[in-house]
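Below you'll find the structure, written out as structure tokens, and then a few comments.
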Amino acid sequence: GQSCAADKLTGITTYFADGKCHKTSSTASYRVTRNADNSASIKTYTDAVCTAGVTLLTVSAADGTSNACTSDAKVYGSGTTPLYLSSTVNYDTKTNSCKSGLPSLVNSAVVAVDVCSATTDCTNQAAPYTGTSCSSTLTYKDDMASAFGSNPYLIVEAYSAGQSCAADKLTGITTYLADGKCHKTDTAKSYRATRKADGSATVQLYSDASCTSAGTLLT
């Protein structure tokens, strides 16, 4: 009832807004998200695993931008909660149990936080051999740079239609090995990708596994 007067401040709590569950004690936890428009959601729980006794504080974009006094609190912050990705990683061989090495293709889908589960071995019995890795939009490009190393590659991001490629409308990412060779995407499809020194690139998709029946061409 003090309209958030500066001399009536009673305390400050700063949350990590990565969308994941964080313990605050053996009997309490929280989960916080922050959006690009400065809106936010703060959920606190009465257990350590973000399941019981939830209390929700929702911050509108207007209040998050103006730092208005709402429910005897002001909310400030920076950055946005990343999107989380589950990636199916293709390899031409079973080296390193499909957990590392040079991939031929990485297909990434946006998933709910805490949903992705990384595999410990290859899940296919023939090429392309596949594994599952987990990352977020904060680390994805660094992850791909590490995976492909000095080898050329292309990252193609897909967004919901009509949303001007807004960051929070990302639906999936496909990363291609751009060495000009034919690579299987599954037992019935393949692709061939190239990237030039000037940054131009092509991805030719095929409806067979041996790069003979040309389909969609991305340039």
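Scanning region 75-119 for residues that are closer than 28 Å to residue 159 by Cβ and either touching a His at 6+ places or on another chain (Cβ under 8 Å) or among the charged types (D, E, K, R) (or both) yields a total of 4.
Screening 149, 131 for residues that are in contact (Cβ under 8 Å) with a residue 12 or more places away in the chain and out of contact with any Phe, Trp or Tyr (no Cβ under 8 Å at 6 or more places or on another chain) leaves exactly one candidate, 149.
For the structure I just gave you, tell me whether residue 179 is surrounded by 12 or more Cβ atoms within 10 Å (Cβ to Cβ), out of contact with any Asp or Glu (no Cβ under 8 Å at 6 or more places or on another chain) and not basic (Lys, Arg). It would help to see each step written out before you state the result.
Values: surrounded by 12 or more Cβ atoms within 10 Å (Cβ to Cβ): yes; out of contact with any Asp or Glu (no Cβ under 8 Å at 6 or more places or on another chain): yes; not basic (Lys, Arg): yes.
Yes, satisfied.
When you go through 168, 142 one by one, which is the residue that is more than 30 Å from residue 213 (Cβ to Cβ) and touching a residue at least 24 places away in the same chain (Cβ under 8 Å)?
Working: 142 fails: touching a residue at least 24 places away in the same chain (Cβ under 8 Å).
None of the other options fit; the residue is 168.
Beta carbons closer than 6 Å, at least 6 apart along the sequence or on distinct chains, pair a first residue in region 57-79 that is at pLDDT below 95 with a second that is of a type in the set (Phe, Trp, Tyr) for 67/76.
In region 165-176, which residues are part of a strand (DSSP E or B) and either touching a Lys or Arg at 6+ places or on another chain (Cβ under 8 Å) or surrounded by fewer than 18 Cβ atoms within 10 Å (Cβ to Cβ) (or both)? Steps first, please.
Within region 165-176, the subset part of a strand (DSSP E or B) is 170-176.
Answer for region 165-176, where residues must be part of a strand (DSSP E or B) and either touching a Lys or Arg at 6+ places or on another chain (Cβ under 8 Å) or surrounded by fewer than 18 Cβ atoms within 10 Å (Cβ to Cβ) (or both): 171, 172.
Scanning region 2-28 for residues that are of a type in the set (D, E, K, R) and loosely packed, with under 11 Cβ neighbours inside 10 Å yields 7, 8.
Go through region 3-33 and give me each residue that's of a type in the set (Phe, Trp, Tyr) and either closer than 11 Å to residue 43 by Cβ or part of a strand (DSSP E or B) (or both).
At the first step, the residues of region 3-33 found to be of a type in the set (Phe, Trp, Tyr) are 15-16, 30.
If the condition is that a residue be of a type in the set (Phe, Trp, Tyr) and either closer than 11 Å to residue 43 by Cβ or part of a strand (DSSP E or B) (or both), then 15, 30 are the ones that fit.
In summary, residue 55 fulfils each of the numbered conditions (1) in contact with a Ser or Thr (Cβ under 9 Å, 6 or more places away or on another chain); (2) under 30 Å from residue 150 (Cβ atoms); (3) of a type in the set (Val, Ile, Thr) with the single exception of condition (2).
Looking only at residues in region 29-51 that are among the small types (Gly, Ala, Ser) and surrounded by 16 or more Cβ atoms within 10 Å (Cβ to Cβ), the one that is farthest from residue 81 (Cα to Cα) is 48. Of the residues making up region 74-92, those that are closer than 23 Å to residue 172 by Cβ and of a type in the set (Phe, Trp, Tyr) number 2.
Looking at residue 171, is it hydroxyl-bearing (Ser, Thr, Tyr) and more than 16 Å from the chain's Cα centre (by Cα)?
Numbers: hydroxyl-bearing (Ser, Thr, Tyr): yes; more than 16 Å from the chain's Cα centre (by Cα): no.
For residue 171, the condition - hydroxyl-bearing (Ser, Thr, Tyr) and more than 16 Å from the chain's Cα centre (by Cα) - is not met.
Counting just the residues of region 106-164 that are outside any strand (DSSP E or B) and touching a Cys at 6+ places or on another chain (Cβ under 8 Å), which one comes out surrounded by the fewest Cβ atoms within 10 Å (Cβ to Cβ)?
Here is the first cut: in region 106-164, the ones outside any strand (DSSP E or B) are 112-128, 137-152, 160-164.
Filter again for touching a Cys at 6+ places or on another chain (Cβ under 8 Å), leaving 114, 116-119, 121-123.
Numbers: 114: 13, 116: 18, 117: 9, 118: 13, 119: 16, 121: 11, 122: 21, 123: 11.
Filtering region 106-164 for residues that are outside any strand (DSSP E or B) and touching a Cys at 6+ places or on another chain (Cβ under 8 Å), the one surrounded by the fewest Cβ atoms within 10 Å (Cβ to Cβ) comes out as 117.
The values are calculated or read from the model by the stated rules, or taken from the named source; none is laboratory data. Source: prediction; values computed, not measured. Note that we place each Cβ from the backbone using ideal geometry, even for glycine, and neighbour counts take in every protein chain shown.
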